[in-house]
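Peer 1: What follows is a structure written as structure tokens; I'll ask about it next.
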Amino acid sequence: MTMQDSRTDPPAEADRRDHVSSLAKGLHVMEVLARAPESLTLTEVADAAGMSRATARRFLLTLVDLGYAARTGKRFALTARLLAVAGSRLGMGLLWHLAEPHLRAVSRTLNESCSAAILDGPDVVYVARAAANRVMSVNLTVGSRLPAHCTSMGRAILAFLEPAERAAALSALSLARHTPHTITDRAALAAELDRVAAAGHAVVDQELEIGLRSIAVPVRHADGRAMAALNVSTHAGRVSVEEMTERFLPPLREAAGRIAALARSLGG
């Protein structure tokens, strides 16, 4: 291998090479249609997008074929399908805004912090949180990321995925050791997820950080799959595992049920 062969491309050059111009042009056509108060003709789309009529026609007919645009005579307009795609993302943001009172109710009942998270690759990402007035070494806010394999919310979500989806997610986890208690064996973690699925909740005892104990329940779609999870975390010296399962589970499950109902009302 020559020195020239071993060089890496500058980021900007690599980005340009990975740029798919046809996708960019198709998205530009969608933007042109989205900005129009009424439907547009082929010529109007081509002029607004700065492309030939033949090119604009190919993109428009593709959008019509995929259901993102409708054709009435010689005019084109976007359909509600694009709104459905965007709305699924916007709806999740609205869901967690509407879910916050339920998290605050759990936090007030237990005098502990209550959080919600979704799975994103090997991590959970916090999407809502009601913090109790306690000082914890883990400073968590909306947007915080933690490893899924050693957090109660991560396990509560992983355990309620479809089998193939769970297996793929499990194989992608790094299983880094954070404390002497962290499960780092893939088979052992798979067995733990089976126990979580059978119990309907996950308890993680000082696997992320010494002194930190948490319990989580899934927020499920109508088909049983987990869309997210809720948890309550506390100091291990203050609350036992037995107390967590006896006292913390009922309000957590009630909140998760209410949030799942909210998600269904939003079309989630």
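Peer 1: If packing is taken as the mean number of other Cβ atoms within 10 Å per residue, what is the order of 145-151, 100-106, highest first?
Peer 2: On the way: 145-151: 22.3, 100-106: 18.1.
Highest-to-lowest ranking by the protection proxy: 145-151, 100-106.
Peer 1: Quick query: amide H of F160 versus all other amide H atoms, modeled in the peptide plane; which residues come in under 5 Å with a sequence gap of 5 or more or a different chain?
Peer 2: A226
Peer 1: Starting with the highest mean, order 67-78, 157-168 by the number of other Cβ atoms within 10 Å, averaged over the residues of each peptide.
Peer 2: So the order, starting with the most tightly packed, is 157-168, 67-78.
Peer 1: Further, regarding this structure: Keeping the other protein chains in place, figure out the carbon and sulfur percent of the accessible area of the range 98-242, with a 1.4 Å probe. Intermediate values should be presented prior to the final figure.
Peer 2: Numbers: 3260 of 6240 Å².
Ligands and nucleic acids excluded, carbon and sulfur reach 52 percent.
Peer 1: While we're looking at this one, here's another question. Can you give the FRET efficiency for E162 and D65, using 1/(1 + (r/R0)^6), R0 = 22 Å, r = Cβ-Cβ distance, to the nearest 0.05?
Peer 2: Result of the calculation: an efficiency of 0.15.
Peer 1: If I take R0 = 45 Å and measure r between the Cβ atoms of A261 and K74 in this structure, what FRET efficiency does the formula 1/(1 + (r/R0)^6) give, to the nearest 0.05?
Peer 2: 0.45
Peer 1: Here's a follow-up. Just the number please: accessible area per residue for the range 119-245, 1.4 Å probe, all protein chains included, in Å².
Peer 2: Spelled out: the 1.4 Å probe surface of the range 119-245, per residue, equals 43 Å².
The values are calculated or read from the model by the stated rules, or taken from the named source; none is laboratory data. Everything numeric in this text was worked out from a predicted model, so none of it was measured. We place every Cβ from the backbone using ideal geometry, glycine too, and count neighbours over all the protein chains shown. Areas reflect the complete protein model, heavy atoms only, side chains present, ligands, DNA and RNA absent. Shrake-Rupley method; radii C 1.70, N 1.55, O 1.52, S 1.80 Å.
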